[in-house]
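Have a look at the structure below, then the notes.
The values are calculated or read from the model by the stated rules, or taken from the named source; none is laboratory data. Since the structure is predicted, the reported quantities are computational estimates derived from the model, not experimental observations. Cβ placement follows ideal geometry from the backbone for every residue including glycine, while neighbour counts extend to all protein chains displayed.
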Amino acid sequence: MNPHTSMIEPELPRLRELRRDLHAHPQLAYQETYASDRICAELDRLGIPYTRGLAETGIVAWVTPGDPGFRTRPAIAFRADMDALPIHETTGVPYASCTDGVMHACGHDGHMTLLLGLAAVLVQVRDRLPQPVKLIFQPAEEQAAGAARMIEAGALSAQWGDAAIGRLIGFHNWPGLDLGRFAIKRGAFFASADLFRVVVRGRGGHGAMPHLGSDAILAAAHIICALQSIVSRNLDPVRPGVVSVGSIHAGTAENILPGEVVFEGTIRAMDEGSRALLHRRVGEVAAGVAVGLGCEAEAWVEQGYPVLTNEDGCVEFVQDSVVHAAGREHLDILTEPVLGAEDFAFYVRHVPAAYFLFGVRGTGGATSAGLHNSGYDFNDDALGRVLPVLATMALAPADVL
Ligand SMILES: [Zn+2]
Ligand SMILES: [Zn+2]
C-alpha cells in the first residue's frame, strides 16, 4: 500500500462531491469565477495562503515547510486548468452542467479537484515537507492561452510564496488509458497548434457564363487539395505534421460564382523547423495555385500554442514517482507524440517541467466517451489513483529536485 494512502482515503468522499459541484458549474475561458471562488474557499478552509486574480480567475497557492531550513529550497509546483467548453452536455448525470451549452468535457473539473486533494494532504504533512510546494490554478487552457497570461502575471515568479520554482508538473486525464495507468514521453510530447486563414479572390459572375469571370471556388478547391501535398511532399517523412482545413465559407446561390472564398485550418508540428516550413508552404501553395487558375490568394497564420517539450530530468522524476506510488507495471513510456496541443507548452519554456497522462477508462458508463464529447464525464475513481503519485512528488526528498 502506498505510504500516503491513509491520508488520502478519508479525503476522497469530499473530493468526489467537490468534483461534481465543479462539474455542475462550468464556465468558459477567463470567466471561471465559480471555480475560482470554490478553490479559494477550500484553500481558506485548509489555511493555505494564495494570491488570486492572476489572468482574471487564476490562483497561485503555496505550502511552506515547517522546517525553516527547507523554506529557501526551490519549490515543486503543480498546475491544473480550470476552463470548460462550449458543448451542450448529454451525460444525463445528476450533477450535469447547470448552464446550457457549457460543460466540463475535458475533465478540468477533475484536475482542479486533484490539486485541492493534494493541498488537503500537504497541510497534514507540512512539518515534514522537504521543499515548498506551489499549486497553480490556471484559466483558459482550451484555446485562449491562459498559461501565457499566467506567466505574464508572474505565476512562475519567486514573489508568490517566497520561493522560486525548481520543477513544474502538469497532467491530463486520458480516456484512452485504463484507470490506474500513467503515461509520459521524453522530449516533444504535444504539438504546436497554429491557425491559418486563406482568402481566395476571383471575379464573380453568372454560373452559366464562367468564361467571363474567374472562379474562386474552383481555385479554393484546388488549393485545399494541393495543401495536402505539403506534409506528404515538403515535410521530412520522419517528422510528424498536420495541415487540416476545418471551415470554408463562400457563395450565396447555386448559379452565382462568388468573388471570394475564405477557409481556415490548423497546422500542427513537433519541432520549430517543421512548424516554420508548414507556415511558409501554406502561403506559397495557396498563392501559386490561385495564380494558375486566374485568381489570387493570401494566407495568414496566427501563432497558437508552441510544442510541449518535456525536460529529461523532470520526466525521470515523474517516472520514479509513478513507480514508487503505483508500481512499474502501471507506467507506459510513450514513444509517439500526440498531435493535440496543450498550453502547458508555455511553462516549459521558462522552468524545468514535465507533463504526464493518467488513465480514466473504466468499465462502461459516461467515462467511455472521449475528451470534448458531450457524453464525457471525469472518472472520480481516478482521484484515489493519481493523488498518491502527486503526494509522492511533493514529498520527494529535496535533493532529487
Ligand atoms: Zn480540452
Ligand atoms: Zn483539457
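Computed values, structure above
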read-out	value
Strands (runs of 3 or more DSSP E) enclosed by region 168-265 - at least 2 residues per element that are in contact with a Leu (Cβ under 8 Å, 6 or more places away or on another chain)	182-185, 187-190, 241-249
Whichever residue in region 291-315 is part of a loop (DSSP other than H, G, I, E, B) and over 24 Å from E142 (Cα atoms) and, among such residues, is nearest to the chain's Cα centre (by Cα)	C295
Failed item in (1) among the hydrophobic types (A, V, I, L, M, F, W, C); (2) assigned to a strand (DSSP E or B); (3) more than 16 Å from ligand 2 (Cβ to nearest atom), with A80 passing the rest	(3)
Residue identified as more than 19 Å from V307 (Cα to Cα), in the same structural domain as H88 (by TED's automatic domain parsing) and more than 16 Å from ligand 1 (Cβ to nearest atom) among L135, L177, L218	L135
Breaking point among (1) part of a loop (DSSP other than H, G, I, E, B); (2) in contact with a helix residue (DSSP H, G or I) (Cβ under 9 Å, 6 or more places away or on another chain), for F358	(1)
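Table: residues versus (1) outside the structural domain of A24 (by TED's automatic domain parsing); (2) within 16 Å of ligand 2 (Cβ to nearest atom); (3) modelled with pLDDT of 95 or more; (4) among the small types (G, A, S).
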{"site": "D343", "(1), (2), (3), (4)": "no, yes, yes, no"}
{"site": "H350", "(1), (2), (3), (4)": "no, no, yes, no"}
{"site": "A353", "(1), (2), (3), (4)": "no, no, yes, yes"}
{"site": "P388", "(1), (2), (3), (4)": "no, no, yes, no"}
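Per-residue answers, yes or no, for (1) buried (at least 24 other Cβ atoms within 10 Å of the Cβ); (2) away from ligand 1 (no atom under 16 Å from the Cβ); (3) of a type in the set (G, A, S); (4) outside the structural domain of V351 (by TED's automatic domain parsing):
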site: Y34; (1), (2), (3), (4): no, yes, no, no
site: D67; (1), (2), (3), (4): no, yes, no, no
site: R71; (1), (2), (3), (4): no, yes, no, no
site: D81; (1), (2), (3), (4): yes, no, no, no
site: V93; (1), (2), (3), (4): no, yes, no, no
site: A96; (1), (2), (3), (4): no, yes, yes, no
site: D100; (1), (2), (3), (4): no, yes, no, no
site: H104; (1), (2), (3), (4): yes, no, no, no
site: T113; (1), (2), (3), (4): yes, yes, no, no
